[in-house]
Amino acid sequence: MPPPPRHRFDNLEHGRGRRTRPPEEASEPAPGGDRVREKRHLRRPFPCQSLAAALKQALKTPAIHRRLNAAQIIEAWEELAGPVVAQHVQPMALDKGVLTLEADSSVWRQEVSLARPELAVRINARFGPKTVREIRIK
């Protein structure tokens, strides 16, 4: 008489079918130890971080960084251009390194056009290189 099979096979024909363990073997631990098979996405902890860290990371994105630079230039315009010039010339936009200014009159437009290089150096020194590549005056 042949020895009893190690595993019980249900509906097994020439390699087809499903192999199951007998009830006495089902309670034994898996061959890899006591590990329970988990879904991969559940093993990784949720990426928790502080609000300050999340804001710092968000501010590094290029779109937000450009808008923040534009807002900072508008806020510090009086210091950058001087109080007299700031009364007559206002920053309107910063787009891809091009700072657009609006002047009250052609006299102030001419005055600021002569001071463009110095103004660009001041802005770039304060907010980082390549913040302003060009200054246009309307």
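Quick notes on this one:
- Dipole in debye (nearest 20) - the stretch 62-137, about Cα centre, beta carbon charges: Lys, Arg +1; Asp, Glu -1: 420
- The label point for Arg126 and the one for Arg67, both projected 7 Å from the Cα toward the Cβ, are 2.2 nm apart.
- The Rg/Rh ratio for the stretch 62-137 is 0.93, where Rg is the radius of gyration of the alpha carbons and Rh is the Kirkwood radius.
No value in this document is a laboratory result; all are computed from the given coordinates. The shown structure was predicted, so the numbers you read here are calculated from the model rather than taken from an experiment. Cβ atoms come from the backbone with ideal geometry, glycine included; neighbour counts cover every protein chain shown.
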